[in-house]
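Just so it is clear, none of the values below were taken in a lab; they were calculated from the coordinates. Since the model is a prediction, treat every value here as computed from it, not as a measurement. As a convention, Cβ positions derive from the backbone with ideal geometry for all residues, glycine included, and neighbour counts pool all protein chains shown.
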Amino acid sequence: MLIFFRKPLVFLFLVTFLLPIVVPSLALGETFSPSEPEISAGSAVLIDADTAQVLWSKNSKEARAPASLTKMMTAIVVLEKSDLKDPVTISEEAAAVGKSEIWLLAGEVLSVEDLLYAILLRSANDAAVALAEHVAGSEDRFVQLMNQKAREIGASQTNFVNVTGLDAEKHLSTAYDLAVIARYAMQNGTFAGIVATDKWTISWAGHEDREIENLNPLLKDNAFITGVKTGYTEKAGWCLAASGTKDGKNLISIILESENQDLRGEDALAVLNYGFNNFERKKIIDQEVATFVFQTSDGTAPVKVAPQEDLGVLLPKDKKVTVTARYMLMQDISDPLSRGEKIGEISLWMGDDLLGQEDLVSPEQISETQQAERGKATPEQRSASLSYPDYAVLAAFALLLLLSILRLLRLALSGY
């Protein structure tokens, strides 16, 4: 395995950058332990919205009732399955749901957009059921779509039974899963725009217009808050998903089972501020200098590999940590090989915690002729599965890098 480089000077920079990764550890700063947030909530988590990295957690994998945080998933499925301007006719079943509502009337017709504002700002149960029926024909069929989407995006410990979040047996999620859902939802521009809105007006035939206000207690008084959703049931307690952006950091906190309505907001702020105050983004992998090559299994010409994008993660300020880099490479490469085609992954870890990951891609185009010159792989090597290399390979790689440095230094001293 060889590093790809054009000039010795660039190569030396590559080695300086890559050695901490492939050895594989990276020590940053001096040891310091910031005060962790003190909260009343029974379960909570803080993640980096850019990478899904967990920055702090409290019982974040415990199954709990999610209350109306459920509606984040309800809304994103609706957004992906319908058009904002679609008309929705309210059924008798939807109008009769009760609890938190905007008093929809059977036979009333509203747009998907208005109903989305109703469920995300006012947490309207009647609007949630109406949208589910519009998209899937029934609430039960819509719930199947919600659970399918949860599995697709990595919320593997979540099971929805309804679209509202009303207490029901087996309607459960975790703080971590809800953070995954919130992160996914906030990547949708329409969703993000709705949850950042203070007020919305919905017409009401025969009555004054419905004026609904965002129930998020943090939105009005904190300029850095960008969303996301409140929740409460007797079983779930006071819940809040909150997102914020400050100093180039995009964070999401999930609060479950706070003691009261005021404390859920205080808990969310404490967790978010912990992240903003005690973490800074470090670029660990630079796309421009992290290009390397590996030898194909049949011994033909090597293939260049590079990260698709720079990979940076949030690390504690002034605290010594160890970051481990692991890479996965496909067992074979299709022919021809396109520029930017995925041929592996690289990930960064701190202990057992995944900090972030990025695709490894081909930085160049390889034609069918060039691919043929590399030789054909055996059928067993045609699998597209990924596998971790053992660390003996990484150790050999590091040794080869050191030998290459010494060779370049000798060349430099001899005048070449």
Any lysines with Cα under 19 Å of the Lys99 Cα? List them, leaving off those in the same chain fewer than 8 positions away.
-> Lys71, Lys229, Lys235
Those GluC sites (Glu not before Pro) from the range 220-270 that are DSSP loop and have at most 11 other Cβ neighbours within 10 Å turn out to be Glu234
For Lys317, go through the lysines and keep the ones whose alpha-carbon is under 16 Å away, minus same-chain ones fewer than eight residues off.
-> Lys246, Lys249, Lys282, Lys283
Expressed in nanometres to one decimal, the distance between label points 7 Å along Cα→Cβ at Asp247 and Glu169 is 4.9 nm
Hey, for a label at Leu84 modelled as a point 7 Å past Cα toward Cβ, could you say which residues of the range 192-220 have their backbone N under 13 Å away?
-> 192-197
Hey, can you grab everything whose amide H is under 5 Å from the amide H of Val97? Only 5+ residues off in sequence or another chain; H modelled, so Pro and N-termini drop out.
-> none
So what's the net charge close to Tyr176: Lys and Arg +1, Asp and Glu -1, counting the other residues with Cβ under 10 Å from its Cβ?
-> -1
Give, as a single signed number, the net charge of other residues whose beta carbon lies under 15 Å from the beta carbon of Ala205, with Lys and Arg counted +1 and Asp and Glu -1.
-> -3
Label point at Glu62 placed 7 Å out along Cα→Cβ; residues across the range 234-252 whose backbone nitrogen lies under 15 Å | 235-239
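Lys and Arg at +1, Asp and Glu at -1: add these up for the other residues within a Cβ distance under 11 Å of Val161 and post the number. Could you put the intermediate results ahead of the total?
Values: positive: Lys170; negative: Glu139, Asp140, Asp167, Glu169.
Local charge sum for Val161: -3.
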Find the percent of Cα-Cα distances in the range 105-225 that exceed 18 Å, and round it to a whole number.
-> 59 percent
